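Below you'll find the structure, written out as structure tokens, and then a few comments.
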Amino acid sequence: MPTTATLPITLLVITRNEAGVLGRCLDSVPFAAEKLVVDSGSTDGTPAIAKAHGAHVVHQDWLGFGAQRNFATTQASHDWIIVLDADEVLSPELARELEDKLPDLIKSQAAGAFIRRQTWYMGEPMRWYRPMVAEKLGRIYHRQRARWSDVRVHESLKFAGTTRSFRGRLVHHHNPTLRHRHLKILQYSELKARDWLDRKRPARLWASPFVFVAAFLKDYVLRLGFLDGGRGYVVSQVAASYAVYKRLRYYEMLRNPASLDCADKYNEGSLS
């Protein structure tokens, strides 16, 4: 879908099989002079949808989240970059704010800027649970003044200079079902456990029950999940399960190194 390119900034999205949500994401940033999608091997038509919505597509085999984003940064035509995930959109209020304030940021010597993100979960926005109401994320940066942490998952933007913040909200349309969420947890757990394996972290399997309780109470009580009712309970339970499962998988990697190759073959579709 054609848009009016008004600002010298690249919208950057990394993808794999995001056909159902990518167009909405790309269309929410009409002011970007370039829209760049770095795809790691989609089989659902994602590249074609990206092109139909005005994006340039580059293929790169998966490197891990941090490395993939750093590679994608090198492919941009502009030094200033705004990063979205395919299931995120700029709210109309944030889009207007960025159109108004980005020119000054681009002319400055700042390293980048933070945006607040609000998450939709089970069909409506979360109201109280802190990580899903106003999560502060570094998403706008000058590529010579910032770099993504080089980890397989849970990467973050590291700024080498001053930053600014914007008031409008980035909207995150969370995994459409719990099934999608649990499949993503399996993927993230695998990546996190492999990072731990690289660092030779002790397994500490004995701590798993305490980790579950602590993680659940942190999200349900301290982060106000209980105020979002049943949805707050679900999100807290899932977060605690993730905290434990990645430790169980890491323990398996240490006890049975052959499970690493087995997992790789499964990801490649070689196992039934």
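In the chain, helical runs assigned H by DSSP with n ≥ 4 each contribute -39500 (n - 2.57); averaged across all residues and rounded to the nearest 500, the mean residue ellipticity at 222 nm is -13000 deg cm²/dmol. At full extension, residue 96 and residue 213 could sit 37.9 nm farther apart than now, given 0.36 nm per residue minus the alpha carbon distance. In a simple Cβ point-charge model (Lys, Arg +1; Asp, Glu -1; nothing else charged), the chain has a dipole of about 1020 debye relative to its Cα centre.
Would you please give the FRET efficiency between residue 77 and residue 260, computed as 1/(1 + (r/R0)^6) with r the Cβ-Cβ distance and R0 = 45 Å, to the nearest 0.05? Once the sixth-power term is evaluated, E becomes 0.75.
How far, in nm, would the chain grow between residue 186 and residue 62 when pulled straight, counting 0.36 nm per residue and subtracting the alpha carbon separation? The partial results should precede the final answer.
On the way: separation 124, 0.36 × 124 = 44.64 nm, distance 1.65 nm.
Roughly 43.0 nm would be gained on extension.
The stretch between residue 206 and residue 162, if pulled fully straight at 0.36 nm per residue, gains 11.6 nm over its current Cα-Cα span. Taking the Cα centre of the stretch 178-267 as reference, the dipole from Cβ charges on Lys and Arg (+1) and Asp and Glu (-1) amounts to some 100 debye. Label positions at residue 197 and residue 120, each projected 7 Å from the Cα along the C-beta direction, are separated by 3.7 nm. Set the bar at 30 Å for Cα to Cα. Now go through 51/184; 218/265; 184/218; 51/246 and name every pair that lies beyond it. Pairs exceeding the cut-off: 218/265; 51/246. For the stretch 147-234, trypsin sites (Lys or Arg not before Pro) meeting the loop criterion (DSSP other than H, G, I, E, B) and having at most 14 other Cβ atoms within 10 Å: 200, 204.
Computed from the coordinates by the stated procedures, all read-outs in this text should not be read as laboratory data. Computed from a predicted model, the values in this text were never measured in an experiment. Neighbour counts run over all protein chains shown; Cβ positions are idealised from the backbone, glycine included.
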